[in-house]
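Notes follow once the structure below has been shown.
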Amino acid sequence: MASTGNFELICLENPLLDIQAVGNEALLEKYGLKANDAILAEDKHLDLYEDLLQNYDAKLIAGGAAQNTARGAQYILPPNSAVFIGSVGKDKYSETLKETCAKAGLRVEYRYDDKLPTGRCGVVITGHNRSMCTDLSAANAYQIDHLKSEAVWSLVQQAKVFYVGGYHLTVCVPAILALAEEAAASNKIFMLSLSAPFICQFFKDPLDQTAPYWDYVIGNETEALAYAESHGLNTTDIKEIATALAKLPKKNTARPRTVIITQGTDPTIVAVQKPDGSVETKEYPVHAISESEINDTNGAGDAFAGGFVAGIVQGKNLDTAVDMGQWLAKLSIKELGPSYPFPKQSYSGSA
Ligand code: 26A
């Protein structure tokens, strides 16, 4: 397919449909879930999805962390700026995902699996906590051949920023490294999100393989702590952890590394590598939101990343890009799940 438009941003990860409901302690206990977590489903979790739909009035919402980020970035950027890549099934759920992305103006280049259904993420909300349990199904079948196909790779080549969700480290490391290598070879921007504590703990080796390519790495405080523990950093200080990440060896030395750690309602910590090898850290307060305006925080981190990435694509400075992230996170928190308000609101400087 010939590509039109001026696609500047490529995002890669798992397209998922969220099956989200307000739950309770008993439900968490029934499936052995922690109140605030993200895990891969095992056999014992597979009834959760039907349970949520039948007994908890669950809603179906477009999800997949980096797909939420891509929708968020496209929400801000001019039409035809972002493309999302991942693997889905040939079913109703992938149709729903495609429609939601189209509404946000996001182009998707899905790989369609012949056998497996579209992946699902069960989201159990209790208070301000969310427990996510993902059955990847078709998303787990992503293959580098799809990325390297002429139609998709031509989009990769015209883009200047790549954003990869760390969750994809459980799926297709060669595809992630292909984007990373392309970025380093052409002095493009490569960003990775840490995604979840379990990625930092149990997918340490593939995560470390991508580290030299990180121009930007984005995570939250629980992911930073999990990283510090699995890498023996011997600290629980978020600024120290961000500094350690900024100092890791880097492939493309033409770009300094920037580390962004969000902390819920606490200030966002940013660490930037300086040309002399030292690291500067900064703190950015989040945009205040009143309790009554909060719908749920599922997807707030993805929305932050979406706003931030949009800022980077537009060549904004770091302060503005962080502010755009805080702005979009605030908008998303007011919506159900990882969604953005329509009619569109536009970013007009610090709120
Ligand atoms: C591989 N795993 C576990 C996952 C995910 C995921 N997206 C990709 N891969 N587990 C949860 N999510 C998504 O995270 C969003 C909230 O940050 C959910 O689909 C949800 O939309």
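Tabulated results
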{"quantity": "Matching residues, region 120-134, being within 9 Å of the ligand (Cβ to nearest atom) and within 18 Å of Ile199 (Cα to Cα)", "calculated": "Cys121, Arg130, Met132, Cys133, Thr134"}
{"quantity": "Top-ranked residue of region 319-338 - restricted to ones that are acidic (Asp, Glu) and within 16 Å of Thr69 (Cα to Cα), ranked as surrounded by the most Cβ atoms within 10 Å (Cβ to Cβ)", "calculated": "Asp323"}
{"quantity": "Matching residues, region 156-193, being open to solvent by 20 Å² or more (accessible area, probe 1.4 Å), within 14 Å of the ligand (Cβ to nearest atom) and either charged (D, E, K, R) or in a helix (DSSP H, G or I) (or both)", "calculated": "Tyr167, Thr170, Val173"}
{"quantity": "Long-range neighbours under 9 Å by Cβ, at least six apart or interchain, first residue open to solvent by 10 Å² or more (accessible area, probe 1.4 Å) within region 293-318, second more than 15 Å from the ligand (Cβ to nearest atom) and basic (Lys, Arg)", "calculated": "Glu293/Lys330; Glu293/Lys334; Ile294/Lys334; Asn295/Lys334; Ala300/Lys330; Leu318/Lys282"}
{"quantity": "Test for Phe198: is it part of a helix (DSSP H, G or I), within 16 Å of the chain's Cα centre (by Cα) and among the aromatic types (Phe, Trp, Tyr)", "calculated": "yes"}
{"quantity": "Within region 36-51, considering residues that are modelled with pLDDT of 95 or more, touching a helix residue (DSSP H, G or I) at 6+ places or on another chain (Cβ under 8 Å) and among the hydrophobic types (A, V, I, L, M, F, W, C), the one farthest from the ligand (Cβ to nearest atom)", "calculated": "Ala41"}
{"quantity": "Selection count, region 225-273, where residues are part of a helix (DSSP H, G or I) and without any contact (Cβ under 8 Å) to a residue 24 or more places away in the chain", "calculated": "4"}
{"quantity": "Thr69 being open to solvent by 30 Å² or more (accessible area, probe 1.4 Å) and within 30 Å of Tyr347 (Cα to Cα)", "calculated": "no"}
{"quantity": "Condition check for Cys101: buried (at least 20 other Cβ atoms within 10 Å of the Cβ), within 19 Å of the chain's Cα centre (by Cα) and without any contact (Cβ under 8 Å) to a residue 40 or more places away in the chain", "calculated": "yes"}
{"quantity": "Meets criteria (under 30 Å from Trp327 (Cα atoms), open to solvent by less than 30 Å² (accessible area, probe 1.4 Å), touching a helix residue (DSSP H, G or I) at 6+ places or on another chain (Cβ under 9 Å) and at pLDDT below 95) for Ile85", "calculated": "no"}
{"quantity": "Candidate set: region 135-148, residues that are within 16 Å of the ligand (Cβ to nearest atom), assigned to a helix (DSSP H, G or I) and of a type in the set (A, V, I, L, M); chosen: the one surrounded by the fewest Cβ atoms within 10 Å (Cβ to Cβ)", "calculated": "Ala141"}
{"quantity": "Residue check for Gly63: in contact (Cβ under 8 Å) with a residue 24 or more places away in the chain, open to solvent by less than 60 Å² (accessible area, probe 1.4 Å) and within 12 Å of the ligand (Cβ to nearest atom)", "calculated": "yes"}
{"quantity": "Selected residue (only one of Tyr93, Tyr75, Tyr110 is in contact (Cβ under 8 Å) with a residue 60 or more places away in the chain and either open to solvent by 40 Å² or more (accessible area, probe 1.4 Å) or in a loop (DSSP other than H, G, I, E, B) (or both))", "calculated": "Tyr93"}
{"quantity": "Meets criteria (within 11 Å of the ligand (Cβ to nearest atom), over 22 Å from Phe308 (Cα atoms), touching a helix residue (DSSP H, G or I) at 6+ places or on another chain (Cβ under 6 Å) and modelled with pLDDT of 95 or more) for Phe198", "calculated": "no"}
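The values are calculated or read from the model by the stated rules, or taken from the named source; none is laboratory data. Every value quoted in this text rests on a predicted model; they were computed, and no experiment measured them. Virtual Cβ from ideal backbone geometry, glycine too; neighbours counted across all protein chains shown. The accessibility values were calculated without ligands, DNA or RNA, using every heavy atom of the protein model including side chains. Shrake-Rupley method; radii C 1.70, N 1.55, O 1.52, S 1.80 Å.
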